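Working notes for the structure below.
Each reported figure results from applying straightforward, stated rules to the coordinates on display, with no laboratory input. What you are looking at is a predicted structure, and each value in this text was computed from that prediction instead of being measured. Cβ: placed from backbone, ideal geometry, glycine included. Neighbour counts: every protein chain shown.
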Amino acid sequence: MVAPVADDSPVPADRAERAAAFAELRDRALECRRCRLAEGRTQVVFGSGDPDADLMFVGEGPGAEEDRQGLPFVGRSGQLLDRLMAEEMDLTRDRAYIANVVKCRPPDNRDPKPDEIEACRPWLEAQVDLIGPKVIVTLGNFSSRLLLDTREGITRLRGSVYPYRDRPDGTPVQLVPTFHPAAVLRGGGEPMAGMRADLVRAKQTLGTAASAGTGASVDAGGSA
């Protein structure tokens with residue numbers, strides 16, 4: 001049985017120590033069997049990108065292609081995310097970190113169930129603690145509701161910037177909710193425009209945090 005993630009473990013300050021701790025966390029997650037999703041997976045999709053990134057994206061869960069490759073957002077949704085990151089944020093995915101609420105593919109691409117989300121939650125929280133991003137972009141309902149501890153849907157949540165939790169240096173992580181790329185692919189022009197605006201907002205928030213040396217909240221306007 002995989003040992004639980006220690007909630008009270010101090011985050012290593014040294015970059016090499018954090019890298020070692022992150023690698024250990026990943027190795028433990030790859031053996032996880034905390035919920036029923038482990039039974040049908042090909043492999044755990046832990047996450048990918050720069051573990052020292054200032055920007056983190058959190059989606060819902062792996063699809064079939066992600067389950068095959070062991071990487072998040074590599075299907076059509078991932079291709080759209082890559083394109084919008086480049087166009088609206090001037091970023092490539094190797095300069096951010098991308099993860100999901102659940103690390104194993106739900107069968108038939110169904111929504112993850114509450115107990116599955118709770119079983120996987122410590123892995124995501126440990127990732128956030130070790131990466132220490134300045135800004136998290138949540139993609140869709142599941143990640144937005146989980147990290148903001150709300151039942152509100154993404155349509156009401158997006159369009160604003162929210163304080164999430166403190167980084168190891170005491171500055172707050174800012175959270176920017178937006179649509180999941182899969183919803184944008186289904187929904188057409190309106191969600192596409194909304195996601196573009198949210199990514200611009202995330203870039204501005206990241207720039208504000210960097211220039212001020214803090215994660216201070218910015219005025220992002222009202223909810224859409």
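Key figures
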{"read-out": "In Hz, Karplus ³J(HN,Hα) per residue of the range 158-168 (6.51, -1.76, 1.60; θ = phi - 60°; x = Gly, Pro)", "value": "5, x, 9, 10, 10, x, 9, 7, 7, 6, x"}
{"read-out": "Extended-chain gain in nm, criterion 0.36 nm per residue less alpha-carbon gap, Arg121 and Arg95", "value": "7.0 nm"}
{"read-out": "Cβ-Cβ FRET estimate between Asp108 and Arg33, R0 fixed at 22 Å, reported to 0.05", "value": "0.60"}
{"read-out": "Under 5 Å, built H, 5+ apart or other chain: amide partners of Phe57", "value": "Tyr97, Ile98, Ala99, Val137"}
{"read-out": "Global form of the range 60-105, assessed from the alpha-carbon gyration tensor, a/c cut-off 1.5", "value": "prolate"}
{"read-out": "Amide hydrogen neighbours beyond the local backbone of Gly140, cut-off 5 Å, H modeled", "value": "Thr178, Phe179, His180"}
{"read-out": "For Val173, distant residues with modelled amide H under 5 Å away", "value": "Tyr164, Arg165, Asp166, Arg167"}
{"read-out": "The range 144-164-the range 49-67 distance, computed between alpha-carbon centres (Å)", "value": "18"}
{"read-out": "Protection proxy ranking, peptides 121-128, 36-43, average beta carbon neighbours within 10 Å, highest first", "value": "121-128, 36-43"}
{"read-out": "Under 16 Å from the Cα of Lys103 - lysines, other chains or at least 8 residues apart", "value": "Lys113"}
{"read-out": "Taking the range 76-224 and dividing mean pair separation by its residue count, relative contact order in percent (alpha carbons under 8 Å, at least six apart)", "value": "25"}
